[in-house]
Amino acid sequence: MKNQRKGPKTAWSAHSALLPMGLVVLIAYVASILWTVRISFSSSKMLPKSDWAGLSQYVRLFTNERWTIDMVHMVQFGVFFIAGALILGFLLAVFVDQKVRLEGVFRTIYLYSYAISFVACGVVWQWMFNPTLGIQRSLQSWGWESARFDWIASQDMAIYCVVIALLWHSAGLVMAILLAGLRGVDEELWKAARIEGVPRWRYYTSIVLPQLGATVSTAVVLLAISVVKLYDAVVAMTNGGPGDATDVPSKFIMDNLFERQNIGLASAASTTMLITVLIIIAPLMYARSRSKTAASHS
Amino acid sequence: MKNIKMSLLATLIASLGISSPALAQKAEVIHWWTSGGESAALKQLADGYNKAGGQWVDNAIAGGDNARAAALNRIAGGNPPTASQFNTSKQYHELIDAGLLADVDEVAAKEGWDQWMPGPIKNVIKKNGHYYAVPVNIHSGTWFWYSKAVLAKAGVAEPKTEAEFWTALDKIKASGQTAFAQSGTLSYERSTFSAVLLHMGGRDMYMKFYGDKDANVVKSAAFKTVLEKFKKLRSYTDAGVAGRSWNDTTALLVTDKAGFQTVGDWAKGEFLAAGKTAGKEFGCFQGWGPKAPYMVSGDVFVLPKTTNKDAIAAQQLLAKVITSPATQVAFNMKKGSIPIRPDVDASGMDICAQAGVIALKDPARATPDPSMLMAPDIFGNVSDVITKFWNTDIKVEDAQGMFVKALASN
């Protein structure tokens, strides 16, 4: 009897401990999201209005050339950034997994860039890419006079400067996540594979990688979130320029929300982003929960 | 994204009715004057207010956008500051329409604003017959600055006509120096465009473009020429343009690495900080000829409406102190701008500021800044076209089409 009564009591205290967090989530996140969606259907400009304007803000949004360009940039950035971070992170993780000496030192070095804020990262890479200050200047001063590396001033290549800077920033995190996954792989497998004469690269791609599904999808979700919220690094690095070459949706939203006094349009853009994120993230989350339940059943 | 949520949260909390009571004559002022020179200037306002018996509560927020966003959130949420800085523009006009700003008619009548306030400023602070903002200073965003050393090395004198300006650029370029220093940020690409439009296209075309949003002007051959000239300037810039801030760009002139730059008179602070004197190491001109248009911009403080009697008293005192002759001179000497009042002593100012004072007195020369003529959202769309045209190889005709579309956007 005593033990039975203990159950609900613990749940009560646990729930009351969670209550503040729950309230914060409810008020700060859910309510704000609902409010944003509501505003996106109004004619609000500088101040929020409570009238109904139908889909007019969405029509304005999708006829806005800059928004279309921004969405293309996000996809462009997302594909190269996620693929690059996974490949780079995996290679780093495999390297650290080789039981190298001073493993802790390497791990810290690789993860260190993640501890730097996006703004600092953006500023540093802006200097690195600046043809009159950074890499190009160094190459030239070392004697390679014809060296040219002015991607950041180029309409077509500037977005890849952002990709490189963010890869440098995030590859270490992917390494840490994948390394944790690698450490969970049974070492006996490698011994068995070695007896069979399987080369090491084949062991990693065909035996280890398929077992890392859940770990990889965690990394992908985290990377996808940083694709969507990409803002500070771009502002610090290029401020969307040259022209609109590195402009991204969240910068469009912030510009319209504040400088351009277009709350309605900004809310429509935010809502569109939210739906986009849900469409991308939901299948991944579903796949992950499926693989988890499958694992617990087997 | 996080910022959006934070500001929404702030609005939400504010709208729940949490407000702090204001004390007697205590004025909380939101502004974005945070750099060395700016805060030295602001101190003159605060000192003036404190001397007049008030208590200045400083609320500095770095960055104009951030400061305005914070003020808007608090005004919309019902917990407004005593006063808040805006640019002398249409930025706060929606607040007037929503009935959220107090008028300053009493101070304006006592000081006779109707008689002496420069036209472009008056038009944008007065709406429906009432004054809704307290102007602090007058800046001009389209000055031309030049390094005398660079011009001397190329063997050219200060250009007195547009043709001489282009010749000077060619000669500086031929001498192996950077002829035109340009910042890589959208605001300053836009200000260079405005300078070209105003000084090479003329005041009429400028007013029709920004003021009347006239599509026929954009389609005209004369406007096409302006666009071509704007784009031609790009061929005189250096390789380090991308993302460069206006002050790093001015530094090129300060260190004699580039010839010309067109930027507002706030650039003067950079020269002064490096120990240079106007007319000696660097020069300034505001277009060509004695009738060159003079673009006027500046800052104002708006006074959000409140029912708190102490806060109202504080607002009235603030309006009076800010526009008083003594504060005006003290503030503007430090800020690099010129006073809003014509009846103050300008003899202590440098030659550039004095030229500005003279230009301002001629209504045919004083021209409103684009943000006084255009609402922020259309202005934003126009800016997008400017930066696109400047940075890419799109055809002039296509740019004209994009301008027509941007002017019609609403």
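The values are calculated or read from the model by the stated rules, or taken from the named source; none is laboratory data. Worth saying up front: this structure is predicted, and the values here are computed from it rather than measured. Cβ: placed from backbone, ideal geometry, glycine included. Neighbour counts: every protein chain shown. Remember, those area values only see protein heavy atoms, side chains included, never the ligands or the DNA or RNA. Shrake-Rupley method; radii C 1.70, N 1.55, O 1.52, S 1.80 Å.
Would you work out if the stretch A:173-298 is rounded, prolate or oblate? Take a ≥ b ≥ c from the square roots of the eigenvalues of the alpha-carbon gyration tensor; rounded if a/c is under 1.5, else prolate when a/b is larger than b/c, oblate otherwise. In terms of gyration-tensor shape, prolate.
Database note for the protein assembly as shown: Cys without another Cys beta carbon under 4.7 angstrom, A:CYS121, A:CYS161.
Partner shielding of A:252-259 amounts to 6, given as the average count of beta-carbon atoms from other chains within 10 Å of each residue beta-carbon.
Taking a sphere under 10 Å around the Cβ of B:GLY129 and counting the other residues whose Cβ falls inside, with K and R at +1 and D and E at -1, yields a net charge of 0. Compute the label zone of B:ASN123 within the stretch B:81-95: residues whose backbone N is under 14 Å from the point 7 Å along Cα-to-Cβ. Once the point is set 7 Å along Cα→Cβ of B:ASN123, B:89-90 turn out to lie under 14 Å by backbone N, inside the stretch B:81-95. By the gyration tensor of its Cα atoms, with a ≥ b ≥ c the square roots of the eigenvalues, what is the shape of chain B: rounded for a/c under 1.5, prolate for a/b over b/c, or oblate? Judged from the Cα gyration tensor, chain B comes out prolate (a/c at least 1.5, a/b above b/c). Could you identify which residue out of A:ILE27, A:ILE164, A:ILE253 has the top mean-square fluctuation in a GNM of chain A using Cα springs shorter than 10 Å? Residue with maximal mean-square fluctuation among A:ILE27, A:ILE164, A:ILE253: A:ILE27. The local environment of B:SER324, defined by Cβ-Cβ distances under 13 Å, has a net charge of +1 under the rule Lys, Arg +1 and Asp, Glu -1.
P(r) tail, the stretch A:1-135: Cα-Cα pairs separated by more than 20 Å, 77% of all pairs. Highest mean first, the peptides B:242-254, B:99-111 sorted by other C-beta atoms within 10 Å per residue fall in the order B:242-254, B:99-111. Model label points for B:ALA149 and A:SER16, set 7 angstrom from Cα along the Cα-to-Cβ axis, are 7.4 nm apart. Measuring r between the beta carbons of B:ALA174 and A:ALA192 and using R0 = 60 Å, the FRET efficiency lands at 0.20.
Calculated [222 nm] ellipticity per residue, helices only, for the protein assembly as shown: -17500 deg cm²/dmol; basis is -39500 (n - 2.57) per DSSP H run with n ≥ 4, divided by all residues, nearest 500.
Shape index of the protein assembly as shown: Rg/Rh, with Rg the Cα radius of gyration and Rh the Kirkwood radius from the inverse mean 1/r over Cα pairs, equals 1.02.
Evaluating 6.51 cos²θ - 1.76 cosθ + 1.60 at θ = phi - 60° for every residue in the stretch A:198-203, the Karplus couplings come out as 7, x, 4, 4, 5, 4 Hz, glycine and proline recorded as x. With R₀ fixed at 41 Å, the C-beta to C-beta distance from B:SER187 to A:SER289 puts the FRET efficiency at about 0.30.
For A:LEU91 and A:VAL79, calculate 0.36 nm times their separation in residues minus their Cα-Cα distance, and state this gained length in nm to one decimal.
2.5 nm
Put simply, the amide H of B:GLY298, placed in the peptide plane, has neighbours under 5 Å in B:THR88, B:HIS139, leaving out anything fewer than 5 places away on its chain. A Förster radius of 60 Å combined with the Cβ-Cβ distance from A:VAL221 to B:ALA222 puts the calculated FRET efficiency at roughly 0.60. Other protein chain C-beta atoms within 10 Å of residue C-beta, averaged over A:240-250: 5. Highest mean packing first, where packing is the average number of other Cβ atoms within 10 Å per residue, the peptides A:140-147, A:166-173 line up as A:166-173, A:140-147. Measuring nothing but protein heavy atoms, the accessible surface of chain B at 1.4 Å probe radius is 54 percent carbon and sulfur. Overall, the stretch A:64-297 carries a charge dipole of about 740 debye about its Cα centre when +1 sits on the Cβ of Lys and Arg and -1 on the Cβ of Asp and Glu, all other atoms neutral.
Accessible surface for the protein assembly as shown, divided over its residues, is 45 Å² per residue with a 1.4 Å probe.
Taking 7 Å steps out from each Cα toward its Cβ at A:ALA180 and A:ASP51 produces label points 5.1 nm apart. Among A:VAL228, A:VAL163, A:VAL75, the residue with the largest mean-square fluctuation in a Gaussian network model of chain A, with springs joining Cα atoms closer than 10 Å, is A:VAL75. When the accessible areas of A alone and B alone are added and the area of the pair subtracted, with a 1.4 Å probe, the result is around 3300 Å², both sides summed. Neighbouring Cβ atoms from other chains, within 10 Å of the Cβ of residues in A:221-228, number 0 on average. As a fraction of the 1.4 Å probe accessible area of chain A, surface on carbon and sulfur atoms comes out at 69 percent.
Multiplying the residue separation of A:THR108 and A:VAL123 by 0.36 nm and removing their Cα-Cα distance gives an extension gain of 3.2 nm. For the stretch A:169-247, GluC sites (Glu not before Pro) are listed when DSSP marks them as loop and at most 10 other Cβ atoms sit within 10 Å of their Cβ; the list is A:GLU196.
Scalar couplings 3J(HN,Hα) for the stretch A:170-181, obtained by applying the Karplus form with A = 6.51, B = -1.76, C = 1.60 to θ = phi - 60°, are 9, 4, x, 5, 4, 4, 4, 5, 5, 4, 4, x Hz; x denotes Gly and Pro.
Which of the trypsin sites (Lys or Arg not before Pro) found in the stretch B:355-410 are in a DSSP loop and have at most 16 neighbouring Cβ atoms, other than their own, within 10 Å?
Working: sites: B:LYS361, B:ARG365, B:LYS388, B:LYS395, B:LYS405; in loops: B:LYS361, B:ARG365, B:LYS395.
For trypsin sites (Lys or Arg not before Pro) across the stretch B:355-410 that sit outside H, G, I, E and B with at most 16 neighbouring Cβ atoms in 10 Å, the list reads B:LYS361, B:LYS395.
The largest accessible area among B:PHE165, A:PHE90 belongs to the first residue in A:PHE90, B:PHE165, and the rest follow in falling order (1.4 Å probe, all chains).
Cross-link pairs exceeding 22 Å between alpha carbons, from the set B:LYS43/B:LYS305; A:LYS251/B:LYS257; B:LYS171/B:LYS231; B:LYS51/B:LYS268; B:LYS173/B:LYS231: B:LYS43/B:LYS305; A:LYS251/B:LYS257; B:LYS51/B:LYS268.
Take chain A and mark each of the trypsin sites (Lys or Arg not before Pro) that is in a DSSP loop with at most 11 other Cβ atoms within 10 Å; the longest unmarked stretch, sites excluded, is A:149-298. Of all the options B:LYS26, B:LYS43, B:LYS160, the one that moves most in a Gaussian network model of chain B with Cα springs shorter than 10 angstrom is B:LYS160.
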